[in-house]
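Engineer: To start, I am sharing the structure in question, which I have written as structure tokens.
The values are calculated or read from the model by the stated rules, or taken from the named source; none is laboratory data. Quick caveat: nothing in here was measured; it's all calculated off a predicted structure. Here Cβ is always computed from backbone atoms with ideal geometry, including for glycine, and neighbour counts include all displayed protein chains. Accessible surface areas use protein heavy atoms only, side chains included; no ligands, DNA or RNA. Shrake-Rupley method; radii C 1.70, N 1.55, O 1.52, S 1.80 Å.
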Amino acid sequence: MLEVNNLSFSYNKKRNILHDISFNIKAKEVLCILGPNGCGKTTLLKSLCKIVDFDGEVLIDKENIKNKNRVYLAKKIAFMSQMSDIYFDYNVYDTIMLGRYSNFNDKLFSIPKEEDKKIVENYINKLSLNHLKNKSIKEISGGELQRVFIAMIFSQEPNIILLDEPTNHLDINSQIELINNLRKWVKNNDNKAVIAVLHDINTALNFADKILILKEGKQKYFGDIKNFNTDMLNEIYNINLKEYMKSLLEIWN
């Protein structure tokens, strides 16, 4: 579904950020990307949707994205970045409708069709946002806002969703709800996949079908979660993570 071959990225051809990254993801799979701060995780996501120029190859359904325009990419792949500030004052319904923009006949000021409205209403219902749809997004909680943005991404109806720290600033209940909604979207639809950058290792291991680990811009591991040895993370984070996690569990005894 998505194949990455020898992807590299550098600023001004001088400062190397990513070095020869290669991996793939199939339909109905979730790939979680782990690694310390500054290892290139966000840059990798931006490369996958052509926000930044890169060397190497990114194929979606065996087609090279370097040859594709923005409208084509918007119908194939969606990117949800870390969001801490709101710069516009739309209501919930209109914010979710933005996800249909790429389907408005590719014209700047096209009006949503009945099909677009049905799709938006469908995700408003699925994500329990009916009681909020006329509210300003500046007036709702962080967890509710994250659900709105997920509904907007779902309404775009891409094949692949890229997520950069989607659980940031969320309480534990909202985190679980968000991950469950994403898992349902992947597993209950054909030809869908998620690639997520996460700092919470427990969430990543619980959510992922595949794991990609980066350190200093280099690929240290890629493979199925069932073959993944968590001891590998000790070197990545310079800490005995298993012992640390066990010590945390003792608090609950």
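Engineer: Within the range 225-243, track down each residue that is more than 16 Å from T203 (Cα to Cα) and open to solvent by 100 Å² or more (accessible area, probe 1.4 Å).
Structural biologist: Residues satisfying the conditions are N227, E235, N238.
Engineer: Do we find that F9 is closer than 24 Å to K192 by Cβ and in a strand (DSSP E or B) in this structure? Please lay out each step first, then the result.
Structural biologist: Working: closer than 24 Å to K192 by Cβ: no; in a strand (DSSP E or B): yes.
No, not satisfied.
Engineer: How many residues are aliphatic (A, V, I, L, M), open to solvent by 10 Å² or more (accessible area, probe 1.4 Å) and modelled with pLDDT of 95 or more if we restrict to the range 1-26?
Structural biologist: So the answer is 0.
Engineer: When you scan the range 141-150, do you find a residue that is more than 28 Å from L198 (Cβ to Cβ), exposed (fewer than 15 other Cβ atoms within 10 Å of the Cβ) and either of a type in the set (D, E) or modelled with pLDDT under 90 (or both), even just one?
Structural biologist: Restricting attention to the range 141-150, the residues satisfying the condition of being more than 28 Å from L198 (Cβ to Cβ) are none.
For the range 141-150, residues more than 28 Å from L198 (Cβ to Cβ), exposed (fewer than 15 other Cβ atoms within 10 Å of the Cβ) and either of a type in the set (D, E) or modelled with pLDDT under 90 (or both): absent.
Engineer: Scanning for something modelled with pLDDT under 90, of a type in the set (S, T, Y), in a loop (DSSP other than H, G, I, E, B) and open to solvent by 20 Å² or more (accessible area, probe 1.4 Å), does the range 99-114 turn up at least one residue?
Structural biologist: yes
Engineer: In addition: Filtering the range 158-169 down to residues that are closer than 23 Å to L233 by Cβ and touching a helix residue (DSSP H, G or I) at 6+ places or on another chain (Cβ under 7 Å), which residue is modelled with the lowest pLDDT?
Structural biologist: The qualifying residue modelled with the lowest pLDDT is T167.
Engineer: Here's something else I'd like to know. What is the residue count in the range 154-177 for residues that are within 23 Å of N122 (Cβ to Cβ), open to solvent by less than 40 Å² (accessible area, probe 1.4 Å) and in a loop (DSSP other than H, G, I, E, B)?
Structural biologist: 3
Engineer: If you don't mind, another one. Report those strands (runs of 3 or more DSSP E) wholly inside the range 28-82 carrying at least 2 residues which are more than 23 Å from I225 (Cα to Cα).
Structural biologist: 55-60, 77-80
Engineer: Scan the range 188-218 for residues that are over 22 Å from N159 (Cα atoms) and part of a strand (DSSP E or B) and report the count.
Structural biologist: Here the count works out to 4.
Engineer: Next question. Would it be correct to say that K220 is open to solvent by 10 Å² or more (accessible area, probe 1.4 Å), in contact with a Cys (Cβ under 8 Å, 6 or more places away or on another chain) and among the charged types (D, E, K, R)?
Structural biologist: No.
Engineer: Can you tell me how many residues in the range 178-214 are open to solvent by 40 Å² or more (accessible area, probe 1.4 Å), more than 27 Å from I140 (Cα to Cα) and out of contact with any Ser or Thr (no Cβ under 9 Å at 6 or more places or on another chain)?
Structural biologist: Within the range 178-214, the subset open to solvent by 40 Å² or more (accessible area, probe 1.4 Å) is 180, 183-184, 187-191, 199-200, 202, 205-206, 209.
Narrowing further to those that are more than 27 Å from I140 (Cα to Cα): 187-191, 202, 205-206, 209.
If we keep only those that are out of contact with any Ser or Thr (no Cβ under 9 Å at 6 or more places or on another chain) as well, we get 187-191, 202, 206, 209.
Looking only at that region, the number is 8.
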